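Take a look at the structure set out below.
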């Protein structure tokens, strides 16, 4: 194959990434790019493929994709879950490629015959209300970082939102001066969701905003921003998870319920469980969490058969009434060729 053939596929790849920026989340786009970089690295290092020898029919073959998954698992030490996520990204590109040019359509159809790696079903480790309380008592609120961290924990627990949803919140997304204060978050697929904010959390959010953003804040600033890059840049998930592990280690000494390997997502899971135990309707909870299917909520919280039966009854009830308002709201390397960086 000539290098121009590799260039053609690479052009489709750039267009695919550009399109994903418009309709997908930032994390999804990054995942797409990373998966393709890994695939091109595999072709270069394992198969010796260069742009001048690239052949779409050979290099996107079922056998190569199968070997790539094994390479990811054994050489890159990726978990089966991560391998399958990369595979899904590659299939998304092949589907796009076939949609743009019919001569590549067979590549996507062939990829459907490649089996995903077997995954071990893992449950999110739960957290009791005592554990949450112990964690929130750990930060030193008289320091800038400590004060931010305790407000962050209160916000993510109070809303039960996903970590990326929380870190993507801008001041303009908050409505604190209405009777029922709320925040608008952008979920998976850029779907909007309105979340009610408890009165006590609203008071703390007003204090936090005044302290970190001033009395006349720029509404385009991120609520929780990077202290290094400034208020126009989001703080990373890795940075927040690192902070949480520090508090978890200290809080665990006082409360054994605090998981040592704490991460942000456990606050969402904990709040969901606590709301369910407090009697919240499963359909309401599913809407609050932004799950498209009720079964997702059931699997997520490991709901028992008896609870599932009650959930189905509650679903029937939902058909006859509205949800309560507060919850309604020109290069040689393939890795260089398949890159947005110029």
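The values are calculated or read from the model by the stated rules, or taken from the named source; none is laboratory data. Predicted, not measured: the structure shown is a model, and the values here were computed from it. Glycine gets a Cβ as well: all are built from the backbone with ideal geometry, and neighbour counts include every protein chain shown.
What the table below lists for this structure:
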{"item": "Single condition residue 57 does not satisfy, out of (1) farther than 23 Å from residue 188 by Cα; (2) in a helix (DSSP H, G or I); (3) touching a helix residue (DSSP H, G or I) at 6+ places or on another chain (Cβ under 6 Å); (4) at pLDDT below 90", "result": "(3)"}
{"item": "The one condition in (1) over 17 Å from residue 338 (Cα atoms); (2) under 25 Å from the mean Cα position of the chain (by Cα) that residue 87 fails to fulfil", "result": "(1)"}
{"item": "Test: residue 15 is under 16 Å from residue 97 (Cα atoms), modelled with pLDDT under 95 and not assigned by TED's automatic domain parsing to the domain that holds residue 236", "result": "yes"}
{"item": "Verdict on residue 95 being under 15 Å from residue 57 (Cβ atoms) and in a helix (DSSP H, G or I)", "result": "no"}
{"item": "Hey, residue 126 more than 30 Å from residue 254 (Cβ to Cβ) and out of contact with any strand residue (DSSP E or B) (no Cβ under 8 Å at 6 or more places or on another chain) or not", "result": "no"}
{"item": "Residues within region 191-223 that are touching a strand residue (DSSP E or B) at 6+ places or on another chain (Cβ under 9 Å) and either at pLDDT below 90 or within 28 Å of residue 28 (Cα to Cα) (or both), tallied", "result": "12"}
{"item": "Condition check for residue 249: under 30 Å from residue 211 (Cα atoms), modelled with pLDDT of 70 or more and in contact with a helix residue (DSSP H, G or I) (Cβ under 8 Å, 6 or more places away or on another chain)", "result": "no"}
{"item": "Complete set of residues in region 181-212 that are part of a loop (DSSP other than H, G, I, E, B) and within 18 Å of residue 154 (Cα to Cα)", "result": "181, 197, 198"}
{"item": "Filtered residues of region 264-303 (kept if under 18 Å from residue 149 (Cα atoms) and surrounded by fewer than 19 Cβ atoms within 10 Å (Cβ to Cβ))", "result": "265"}
{"item": "From 177, 173, 257, residue being in contact with a helix residue (DSSP H, G or I) (Cβ under 7 Å, 6 or more places away or on another chain) and either on the phi < 0 side of the Ramachandran plot or at pLDDT 95 or above (or both)", "result": "257"}
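Rundown of residues vs (1) more than 30 Å from residue 234 (Cα to Cα); (2) crowded, with 18+ Cβ neighbours inside 10 Å, yes/no style:
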{"residue": "18", "(1), (2)": "no, no"}
{"residue": "21", "(1), (2)": "no, no"}
{"residue": "26", "(1), (2)": "no, no"}
{"residue": "45", "(1), (2)": "yes, no"}
{"residue": "48", "(1), (2)": "yes, no"}
{"residue": "59", "(1), (2)": "yes, yes"}
{"residue": "62", "(1), (2)": "yes, no"}
{"residue": "69", "(1), (2)": "yes, yes"}
